[in-house]
2 protein chains.
Amino acid sequence: MNRRSFLGAGAGAVLGAARGRGESSTPSNVVMIFADDLGYGDLGCYGSGIPTPHLDGMARKGAQFGHFYSASAVCSPSRAALLTGRYPVRVNVPRVLSAGEPGGLAKDETTMAQMLKDSGYATSCVGKWHLGTDPGYMPTSRGFDEFYGMPYSHDMWPRPLMHNDEIIECPADISTLTQRYTQQAASFIQRSVASSKPFFLYLAHSAPHLPLAASPGFRYKSGQGLYGDVVGELDWSVGAVLQTLKELGVDGTTLVMFSSDNGPWYQGSSGPFRGRKGSTYEGGVRMPFLARMPGRIPAGLRSNALSSAMDILPTVAGLTGATLPPRPLDGVDLWPVLSGQADSVERDVLLYFDDVNLQCARMGDWKAHLARYNTPPYSPAPACGRQNLALPSPELYDLAADPGENYDRAEGNSTVLADIKARVNRLLGGFPAVVWNAWNDTQGRKVQDAPTDGLPVAGDN
Amino acid sequence: MNRRSFLGAGAGAVLGAARGRGESSTPSNVVMIFADDLGYGDLGCYGSGIPTPHLDGMARKGAQFGHFYSASAVCSPSRAALLTGRYPVRVNVPRVLSAGEPGGLAKDETTMAQMLKDSGYATSCVGKWHLGTDPGYMPTSRGFDEFYGMPYSHDMWPRPLMHNDEIIECPADISTLTQRYTQQAASFIQRSVASSKPFFLYLAHSAPHLPLAASPGFRYKSGQGLYGDVVGELDWSVGAVLQTLKELGVDGTTLVMFSSDNGPWYQGSSGPFRGRKGSTYEGGVRMPFLARMPGRIPAGLRSNALSSAMDILPTVAGLTGATLPPRPLDGVDLWPVLSGQADSVERDVLLYFDDVNLQCARMGDWKAHLARYNTPPYSPAPACGRQNLALPSPELYDLAADPGENYDRAEGNSTVLADIKARVNRLLGGFPAVVWNAWNDTQGRKVQDAPTDGLPVAGDN
């Protein structure tokens, strides 16, 4: 891939240049940049006071989404879903992995990296992993040619910085992580282009997760405190990656995406939404999502499509022509929206889990809070961290009229609730038994009340 | 007081008609309407989708405040401060009283009702009390000529509705409470006017605290669910009170105020603010405040004065000429702001307590979160209900640039923090020992580290 092929692809324009989608033989590269605990309201283009010129530029020159969700309000499950296109409860990562915890992302799951590697891509994971540290669970066993980063969150000890399977610094100096990750990302892109291999870069920043640390050049620069400085450095990193792609002549053939794993923790803004990290209120799971591919994604596209991080794997498969993993996917191909050909994607119902417990489901603009407990600990913790609310009865919110989930509309809308519950029952019937049983438990049903449409009650997928 | 005297007072205009503030001999009446768990964002004039035409009309024809605070994020302490002009920790109500709990608002405190009664006013408490149920603690022992309402929250049992000291219904039918409170309020106003007595009405609605219930005429009317319907009925009640004042010819000589005791609980909106009921983030304590007195308060006045429910007692004293209680007040007279003569009031520092623990302090636009624990339970509960955050170090927020308290600005602003702490130390030195000791404990100081300016460390006021 050289300057000439980039120009050719750019001229080829919207109808497709990649193997997966059209005429050109130039394979599309994929860069997924994932922030840690960055909130919906933390980017300039999403209303923040933090200056984020490079991410705002991505939004101007590409697509910006307003109804994009992580698949979990906490770290490990969210990442498991991003890399598999499936709900975390299906892939054995329903909750955050502690440091040194055995196991991780189920070994028989196919990651996006493995999918692309099988399709001839160079693959690299730079940054935070957090999907298992046992042999066979680290990135280099899960489809990544190389790994540079931390095996879990940098507030967990002993905080090792690793290169492939080797610890190169412990505890890592966290103030220079963003700089070093960016350097590694650029190096990988350069090496891939030099070897004429299509590439997949998963750049999973440790920022702006606590503890906060910015390198000296970014301290006191944002005017929004240390958190703002850290986001400012993250923004710089995005700009550096985009600049590298441009200099190497591959920015027209590279799909660059940006999102975050879950809502903000102590610091950071969830924008107009209720709740933060750990909550199944929107603030825990509604994420910024930007996608840029000049000539393929229309500049300035704004989408309210109901979309999810689980959609990225099938979207990338469609774009690159890679073969989808053999198991049922929960994500759908977003390309019709990204390319400006459709306003929405087909989605029966979107589920929100807390561990194995289904908490909420969204259908169109309606969001139902469904978990019910017969002996409710009716505690006033709805807007906070890890704990989600035990409800005496289901609640229903109209996210179009009431994005802050302030006014329960369940009364008078029982048919909407019944429709959502029917869809949930159909979908969850195909989930692992532990999920299906937990769901039935909150509904006051016996486990043997299996769905009537023949779906398995205790599936292992 | 008759139609003629109202017209005379109206013609008398802004420079003062009441005994306390000027030429006319017509005493001003006072109506304080207090909602329960209504959030900052729950009125139309504060951005809600709930239609509240009568409250919006109050805002158009009077003053609307944007930086008005309750003195506590929970019920009993907030009400204790409203009625005494003093921080709840000074008047023996640092926390919510349970049903049947002994004691209540310290007997040697003077309520606003007692202050006005001593000045010749008829006084009535209609609605929720929650400042003590023992003999000597109920409204009729605390300066109110009469009481019609509930002794505590209507989610507490056995939920009695009382008239003076008599239980007239138990458990009370909560769906008609707003109607019955409004009827009682109108009756009191009519009787007072008929007897030519100036009057003080404290109308403390039980709505929209949970459990929610609206009377049949208001069900399904708001388009914002049952919570919206309940707020709609509350708005209707405000309109009915204003209409009664108008029909009796006293709306020009009556100061009508509206606010809420604390932020929203499960339902309801805290507007742009973080946190809800129980939290010392702004969402727990920033309240709507409207004040209407045609001819005295300029129509359409909008104020960002740093103000508090504790200011109401001194404001009312100034307006009516009543004698202030003998103890140190934490509130200040808001009349210069309400009358359009000043933009702000003098306030050294505003304190936010959780029980006896000082959590935060506001100085100008800066708000410091000050509580520090040496062994912090660093739990992710900052945005939720009762629990407030144990911080490893103080945080500082610029509420002008960052009303959502998302971006800690402590780094680089140590002089601001030091200034706030110095003011807190001076002020808290005059507080009860339990408060001063708790404050020192979070600062890692010995209790004997008394303030050096001679203020008592273990005062009983």
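The values are calculated or read from the model by the stated rules, or taken from the named source; none is laboratory data. Keep in mind that this is a model prediction, so the values were computed, not measured. Every residue, glycine among them, receives a Cβ derived from its backbone with ideal geometry; neighbour counts consider all protein chains shown. Note: areas computed on protein heavy atoms with side chains; ligands, DNA, RNA excluded. Shrake-Rupley method; radii C 1.70, N 1.55, O 1.52, S 1.80 Å.
Contact map, segment B:154-176: residues that are farther than 17 Å from B:Leu212 by Cα paired with residues that are of a type in the set (Ser, Thr, Tyr) and surrounded by 12 or more Cβ atoms within 10 Å (Cβ to Cβ), Cβ distance under 6 Å, separation 6+ or inter-chain. Pairs shown: B:His163/B:Tyr148; B:Asn164/B:Thr140. Does segment A:44-85 hold any residues that are surrounded by fewer than 24 Cβ atoms within 10 Å (Cβ to Cβ) and more than 14 Å from chain B (Cβ to nearest Cβ), and which are they? Hits for segment A:44-85 are A:Cys45, A:Pro53, A:His54, A:Asp56, A:Gly57, A:Arg60, A:Lys61, A:Gly62, A:Gln64, A:Gly66, A:His67. Please verify whether segment A:170-190 includes one or more residues that are touching a helix residue (DSSP H, G or I) at 6+ places or on another chain (Cβ under 7 Å) and of a type in the set (Asp, Glu). No, segment A:170-190 has no match at all. Considering only segment A:92-101, I want to know if a residue exists there that is part of a loop (DSSP other than H, G, I, E, B) and open to solvent by less than 10 Å² (accessible area, probe 1.4 Å). Yes, the conditions are met somewhere in segment A:92-101. Restricting attention to segment A:123-140, which residues are over 21 Å from the mean Cα position of the chain (by Cα) and at negative phi? Listed by number, the residues that qualify are A:Asp134, A:Pro135. Are any of the residues in segment B:75-97 modelled with pLDDT of 95 or more, of a type in the set (Val, Ile, Thr) and under 17 Å from B:Val285 (Cα atoms)? Looking through segment B:75-97, at least one residue is modelled with pLDDT of 95 or more, of a type in the set (Val, Ile, Thr) and under 17 Å from B:Val285 (Cα atoms). For segment B:406-442, the tally of residues that are closer than 19 Å to B:Val89 by Cα and either modelled with pLDDT of 85 or more or not charged (D, E, K, R) (or both) stands at 20. Of all residues in segment A:78-88, none are farther than 24 Å from A:Ala322 by Cβ and touching a helix residue (DSSP H, G or I) at 6+ places or on another chain (Cβ under 9 Å).
On inspection, A:Gly62 passes the criterion of being in contact with a Lys or Arg (Cβ under 7 Å, 6 or more places away or on another chain) and either among the charged types (D, E, K, R) or within 25 Å of A:Gly268 (Cβ to Cβ) (or both). Of the strands (runs of 3 or more DSSP E) lying entirely inside segment A:278-354, those carrying at least 1 residues that are surrounded by fewer than 24 Cβ atoms within 10 Å (Cβ to Cβ) are A:301-303, A:350-354.
If you go through segment A:118-132 and keep only what is crowded, with 24+ Cβ neighbours inside 10 Å and not in a loop (DSSP other than H, G, I, E, B), you end up with A:Thr123, A:Ser124, A:Cys125, A:Val126, A:Gly127, A:Lys128.
You will find that of A:Ala172, A:Ala213, the residue that is in a loop (DSSP other than H, G, I, E, B) and either open to solvent by 30 Å² or more (accessible area, probe 1.4 Å) or closer than 15 Å to A:Glu233 by Cβ (or both) is A:Ala213 and no other. What do you reckon, is A:Met156 among the aliphatic types (A, V, I, L, M), away from chain B (no Cβ under 14 Å) and under 24 Å from A:Ala80 (Cα atoms)? In short, no. With respect to being touching a residue at least 12 places away in the same chain (Cβ under 8 Å), open to solvent by less than 10 Å² (accessible area, probe 1.4 Å), over 27 Å from B:Asp118 (Cα atoms) and under 20 Å from the mean Cα position of the chain (by Cα), B:Pro264 fits the description. The residue that is nearest to B:Asp37 (Cα to Cα), counting only those in segment B:133-147 that are out of contact with any Lys or Arg (no Cβ under 8 Å at 6 or more places or on another chain) and open to solvent by 20 Å² or more (accessible area, probe 1.4 Å), is B:Thr133. Just a yes or no: is a residue in segment B:226-233 away from chain A (no Cβ under 12 Å), closer than 23 Å to A:Asp398 by Cα and open to solvent by less than 10 Å² (accessible area, probe 1.4 Å)? Scanning segment B:226-233 turns up at least one residue that is away from chain A (no Cβ under 12 Å), closer than 23 Å to A:Asp398 by Cα and open to solvent by less than 10 Å² (accessible area, probe 1.4 Å).
Return a yes/no flag: does segment B:190-197 have any residue that is open to solvent by less than 30 Å² (accessible area, probe 1.4 Å) and either within 27 Å of A:Glu395 (Cα to Cα) or over 24 Å from the mean Cα position of the chain (by Cα) (or both). So far as segment B:190-197 goes, yes, one or more of its residues are open to solvent by less than 30 Å² (accessible area, probe 1.4 Å) and either within 27 Å of A:Glu395 (Cα to Cα) or over 24 Å from the mean Cα position of the chain (by Cα) (or both). When A:Arg274, A:Arg302 are screened for being at pLDDT below 95 and over 17 Å from the mean Cα position of the chain (by Cα), only A:Arg274 passes. Within the set A:Pro403, A:Pro377, A:Pro382, A:Pro394, the sole residue that is modelled with pLDDT of 95 or more and not charged (D, E, K, R) turns out to be A:Pro403.
Here is a yes/no grid of residues against (1) of a type outside the set (Asp, Glu); (2) part of a helix (DSSP H, G or I); (3) open to solvent by 10 Å² or more (accessible area, probe 1.4 Å):
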site: B:Gly149; (1), (2), (3): yes, no, no
site: B:Gln184; (1), (2), (3): yes, yes, yes
site: B:Tyr202; (1), (2), (3): yes, no, no
site: B:Pro208; (1), (2), (3): yes, no, no
site: B:Tyr220; (1), (2), (3): yes, no, yes
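In a residue-by-residue description of segment A:237-254, the property of being outside any strand (DSSP E or B) and either on the phi > 0 side of the Ramachandran plot or within 14 Å of chain B (Cβ to nearest Cβ) (or both) applies to at least one position.
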